[in-house]
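The values are calculated or read from the model by the stated rules, or taken from the named source; none is laboratory data. Note that the structure is a prediction, hence the values are computed from the model and not measured. Note that we place each Cβ from the backbone using ideal geometry, even for glycine, and neighbour counts take in every protein chain shown.
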Amino acid sequence: MTLLGEIERAAPAVEDLGVLRFITAGSVDDGKSTLIGRLLHDTRAIFEDQLAAVARASSKRGQDDLDLSLLTDGLEAEREQGITIDVAYRYFATPRRKFIIADTPGHEQYTRNMVTGASTADATVILIDARKGVLPQTRRHAYIAHLLGVRHIIVAVNKMDLVGFDETVFDRIRKDFLAFASALAIADLRFIPISALRGDLIVDRGKSMSWYRGPTLLAALEEIDVADEADALPFRFPVQLVVRPGAGKDFRGYAGRVESGTLFPGTELVALPSGQRTVVRDIVSLDRSMPVAVAGDSVTVVLADDIDVSRGDMLADPTHRPHSLRSIRARICWLSSNLLDARTVSTARFLLKHTTRSVKAKLLHLNYRVDINTLEQQAAPTGLAMNDIANVSLSLAQPLFVDSYELNRATGSFILIDEATNQTLAAGMIDG
Amino acid sequence: MSAVLEKPRPDRGALPSRSHLDWLESEAIFILREVAGECANPVLFFSGGKDSIVLLRLAEKAFRPAKFPFPLMHVDTGHNFPEVIAFRDARAAELGERLIARSVEESMRRGTVKLRRPDESRNAAQSVTLLEAIAEFGFDAAIGGARRDEEKARAKERVFSFRDEFGQWDPKNQRPELWSLYNTRVAKGEHMRVFPISNWTELDVWQYLSRERLAVPSIYYAHRRPVVRRNGLLVPVTQITPPREGETVEELSVRFRTVGDISCTCPVESTAATAAEVIAETALTTITERGATRMDDQTSEASMERRKKEGYF
C-alpha cells in the first residue's frame, strides 16, 4: 500500500474535525429545500444521475426549472402528493468535516419531526425569509432547538436578493430575534444573511453583501467546536454488554460507549446500582489497549476488581455521580397518533428506555402543556395529542441513574414505549 | 438537580481528536451491541461485498475477544460472481464464525419463487428466500450493510427498521428514532432490520477499508473484462448476461462499485488497482454508486422503495 502512503503525505494537512450533525428548520416557503440543494450541490455531493432524475421528474410535473426539493423527497407518496412525510438524512463532506443533515418537513407533524431531528443535532440552522422577518414559526423553531439541547444555532436570513441585499433588513431581523431569544440563553448564536437561490454566502461569498464580514454558512458549520462539550462532563458509561469469551480465556470486559467524560487506565469508578468502587485496569478495542477513551468512543473496559455489573448498569465518576431516582419530572413530546386522555392518566403504564436500561413507568401527573405557538404553559391539560409538549411526573419501577437533560443529553433523555403495541409514544427530557 | 463541574480535566489538546471515521465506527459498534443486548436471535447479512466486509470488522471491534453473538447469513441468487462467493467463505472461515447460506434456487425448487422467464433477474426474488430463511431460523433481527446515501428510499430508513409478519416495510408508519435510544421490540413473527452503517457514504466505506487494511474481492479493483455498452451502462459479458444481437464486445479495464447479482450489476471503467486509487476516483466521481452499476434501480423512480416494501433488504 505504498501509494496510500504517498497520497496521505501529499494531502494538505487539514485536521479532520469529525462529524457535525445539523438540522434545518423552516418551511418550503423559506427556501429550505433550495438551501439543502445548494449545500449539496456546491460541495459536490449531488451526482449527475441524481440531477438528471430530478430534471426528469421536474419536467414530468410540468416544471421548467429544476425542483431541488425532489432531491430530498424520497418516497413515492411524497412525490405524488408534493409533500414530505418524514425525516430524511443527507450527507456531504468538506476536507475538514463530514456533515449529516436531518431534513425535517414542515407540515402537520412538524414538531414531532423536528424534535426527532434535533435530538441528535449539534447545530440548528433556522431559516427566516428576509421579506417576512421573525414569524411565530421562528419562535417555535428556536424553542424546539433549545428544548432539545442544541447548543449552536445559526439564524440564516434567506432571500436577501429579494430585499435588495439591504443590511438594515438583516439588522432588524437580528434585533427582533434577539428580543425573544435572550430568554432561551442560547450558548452559541450567529446570524448570516444568505441567498440560497443565488448561492450567496452559502459556500461561496458572492459579491452582493460585502457589508457582511462574518463567515459563510458552510464556514460557520465547519468552525463549530463540539469536541470538548461532552468530554468536560463527569464520566458516564452505560454498560451495553458483558464481554466474556468463555472456555479457557481469562477475560471479562464491559462493552459500552463513553457518553461523557474521559477514561484512562487507573481512573476510579463507581458501578451503579451496586455502588461498588473499582479502578480501570485496561481499555481495549479489538486487539489493542487504548491510553484514553473520550466521549463518543465505543470501547470495552476491563476493571481491576471482580464486581457485579451487567447490561443496564452504569459506570460513573464516583465524585460526581448521577442522581439515582425512582420518580422523575420531565418534558415530553408526544409522538404517537393515539391520544393520551388526562382522565386515563392514572392507569397509563409504559416501558421507559433510558441509556441501556428499560424500566416500567407510570404517569403520575400531567403538570402542564406548552402551547407551541405562544410558548405559554397551560395548567391541567385535558390530554396529549401528537406533537404536544408537556411537563409530566413519572414513577419508576426501578431506579434510573440520571442527569438533567440540560447538562447531559445521553443520561437525561428517554423514550416511552407502549408495551402492548411496541410503538414509541413519547420522547422525554429530564428536568434539572 | 445541581452539578458542579470543578473536576480538573486534561487539556483538550492532549486528548485524541476523533476523525469522521472514528465517529462512524463508534456509532456502528454501539448499534451492533444494542442488537446483541436487546434482540433474542439476531443474524448478520454477509454477502462478501464491501459494505458487509465493513460490518464484520465492526463486529470484531464490538465483540472480540468473544465470538459474534449471531451467525452470518447470505442469500445467494445463484448468479453471484465466483470471486465474491469464494471470498465470502474464506472470510467467514478466517473469523471462525458460522455462515448460513440459503439460495434462491432452493426457493425455485420449492416453487415459492417462480420466474416469468429463465433469464429474468433473480435479484428481487431474493426477498422471498430471505423471508423464508428468517422464518426458518426464527430470527428477530437481521443486520445489513445498507446505507442511506445509496438511494432516496433508503434516506428515510430507520437504523432499527421494523418489519411486520409479512416482512413488509411501511415507510409512512415508521417508529420515530430519537437520540440513540432504539426501540428494538417486536412481536413473534415480526423482525427488525438493523443498519449500523446507515450514516456512511461510499467514500467513507472505502476510506475505512483502507484505514483498516481490509481485503475485498479482487473484482472491486481494476481488471480487464469483456463488456458491452447498453443503456449507458457497461454490461459484463457472462453466461448469464450474453451479448445481444448487434452488440459489440469490448475488453476494458473495469472495476465493480457493487457486487450484487450478475444479471443486474455493472462495472465502471477504471484503472484503480488499490484502495487509495479507488478513494481518489470515488472522491471525483459524478455518478452515484447505484446509478452507475444497477440496472434494477433505473426501471422506475421508486423501484428500490417497492422492493423494500416487499421485504428486500
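Candidates B:I31, B:I53, B:I85: the one that is in a helix (DSSP H, G or I), away from every other protein chain (no Cβ under 14 Å) and either closer than 30 Å to A:V258 by Cβ or touching a residue at least 60 places away in the same chain (Cβ under 8 Å) (or both) is B:I53. Of the residues B:A142, B:A187, B:A153, the single one that is aliphatic (A, V, I, L, M) and away from chain A (no Cβ under 11 Å) is B:A142. Can you confirm whether region B:213-226 contains a residue that is surrounded by fewer than 17 Cβ atoms within 10 Å (Cβ to Cβ), in contact with a helix residue (DSSP H, G or I) (Cβ under 6 Å, 6 or more places away or on another chain) and β-branched (V, I, T)? Within region B:213-226 (the criterion being surrounded by fewer than 17 Cβ atoms within 10 Å (Cβ to Cβ), in contact with a helix residue (DSSP H, G or I) (Cβ under 6 Å, 6 or more places away or on another chain) and β-branched (V, I, T)), the answer is no, since none of the residues qualifies. Counting only residues that are in a helix (DSSP H, G or I) and touching a strand residue (DSSP E or B) at 6+ places or on another chain (Cβ under 8 Å), region B:206-231 holds 2 of them.
Determine the pairs where a residue that is within 14 Å of chain B (Cβ to nearest Cβ), located within region A:392-404, has a partner that is in a strand (DSSP E or B) and acidic (D, E) with Cβ atoms under 7 Å apart, the partner being 6 or more residues away or on another chain. Close Cβ pairs (under 7 Å, with a partner that is in a strand (DSSP E or B) and acidic (D, E)) do not exist here.
Looking across A:N391, A:N387, one residue alone is modelled with pLDDT of 95 or more, more than 30 Å from A:Y254 (Cβ to Cβ) and buried (at least 16 other Cβ atoms within 10 Å of the Cβ). It is A:N391.
Within region B:192-201, at least one residue is within 11 Å of another protein chain (Cβ to nearest Cβ), in contact with a helix residue (DSSP H, G or I) (Cβ under 7 Å, 6 or more places away or on another chain) and β-branched (V, I, T).
For the condition surrounded by fewer than 22 Cβ atoms within 10 Å (Cβ to Cβ), modelled with pLDDT under 95 and in a helix (DSSP H, G or I), what is the one hit in B:K188, B:K172? The match here is B:K172. Of the residues making up region A:138-175, just one is surrounded by fewer than 21 Cβ atoms within 10 Å (Cβ to Cβ), farther than 30 Å from A:T411 by Cβ and within 26 Å of the chain's Cα centre (by Cα), namely A:R174. Scanning region B:1-28 for residues that are surrounded by 14 or more Cβ atoms within 10 Å (Cβ to Cβ), at pLDDT below 55 and among the hydrophobic types (A, V, I, L, M, F, W, C) returns B:M1, B:A3.
Residues of region A:376-392 that are under 21 Å from the mean Cα position of the chain (by Cα) and not in a strand (DSSP E or B): A:M386, A:N387, A:D388.
Whenever a residue of region A:246-264 is more than 8 Å from chain B (Cβ to nearest Cβ), its partners that are exposed (fewer than 14 other Cβ atoms within 10 Å of the Cβ), lying with C-beta atoms within less than 6 angstrom and at least six residues away or across chains, give the pairs A:R252/A:R244. The listed residues are A:V294, A:V302, and the only one of them that is closer than 24 Å to B:P16 by Cα, surrounded by fewer than 19 Cβ atoms within 10 Å (Cβ to Cβ) and touching a strand residue (DSSP E or B) at 6+ places or on another chain (Cβ under 8 Å) turns out to be A:V302.
Scanning region B:123-157 for residues that are over 17 Å from the mean Cα position of the chain (by Cα) and not aliphatic (A, V, I, L, M) turns up B:E132, B:E136, B:F137, B:G138, B:F139, B:D140. Would you say A:S210 is more than 17 Å from A:M314 (Cα to Cα), assigned by TED's automatic domain parsing to the domain that holds A:F170 and of a type outside the set (A, V, I, L, M, F, W, C)? In short, yes.
Scanning region A:234-259 for residues that are touching an Asp or Glu at 6+ places or on another chain (Cβ under 8 Å) and either within 24 Å of A:N158 (Cα to Cα) or at pLDDT below 95 (or both) yields a single hit, A:R252.
Residue by residue, here is whether (1) closer than 11 Å to A:L425 by Cβ; (2) under 20 Å from the mean Cα position of the chain (by Cα); (3) part of a strand (DSSP E or B) holds:
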site	(1), (2), (3)
A:I332	yes, yes, yes
A:S337	yes, no, no
A:T344	no, no, no
A:S358	no, no, yes
A:K362	no, no, yes
A:L366	no, no, yes
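Within region B:93-134, being of a type in the set (S, T, N, Q), in a loop (DSSP other than H, G, I, E, B) and more than 20 Å from B:P242 (Cβ to Cβ) holds for one residue alone: B:T112.
On the basis of being within 14 Å of chain B (Cβ to nearest Cβ), modelled with pLDDT under 95 and either within 27 Å of B:L15 (Cα to Cα) or under 21 Å from the mean Cα position of the chain (by Cα) (or both), does A:D282 make the cut? No. Return yes or no: is A:R349 over 25 Å from B:K61 (Cβ atoms) and either outside the structural domain of A:K249 (by TED's automatic domain parsing) or out of contact with any Ser or Thr (no Cβ under 8 Å at 6 or more places or on another chain) (or both)? Considered against the rule, which asks whether it is over 25 Å from B:K61 (Cβ atoms) and either outside the structural domain of A:K249 (by TED's automatic domain parsing) or out of contact with any Ser or Thr (no Cβ under 8 Å at 6 or more places or on another chain) (or both), A:R349 comes out as yes.
Among the numbered conditions (1) surrounded by fewer than 18 Cβ atoms within 10 Å (Cβ to Cβ); (2) not in a loop (DSSP other than H, G, I, E, B), the only one that A:P238 does not meet is (1). If you go through region B:255-278 and keep only what is outside any loop (DSSP other than H, G, I, E, B) and crowded, with 21+ Cβ neighbours inside 10 Å, you end up with B:R255, B:F256, B:I262, B:C264, B:T265, B:P267, B:A275, B:V278.
Summed over region A:414-428, the residues that are facing chain B (nearest Cβ under 9 Å) and surrounded by 19 or more Cβ atoms within 10 Å (Cβ to Cβ) give a count of 6. The lone criterion from (1) within 14 Å of chain B (Cβ to nearest Cβ); (2) more than 13 Å from A:L416 (Cβ to Cβ) left unmet by A:A379 is number (1). In contact (Cβ under 8 Å) with a residue 12 or more places away in the chain, of a type outside the set (F, W, Y) and more than 7 Å from chain B (Cβ to nearest Cβ): is that true of A:D431 in this structure? Judged against the criteria, A:D431 is a match. If I filter region B:121-128 for residues that are under 28 Å from B:A28 (Cβ atoms), of a type in the set (K, R) and buried (at least 17 other Cβ atoms within 10 Å of the Cβ), do I get at least one hit? No - not one qualifying residue is present in region B:121-128.
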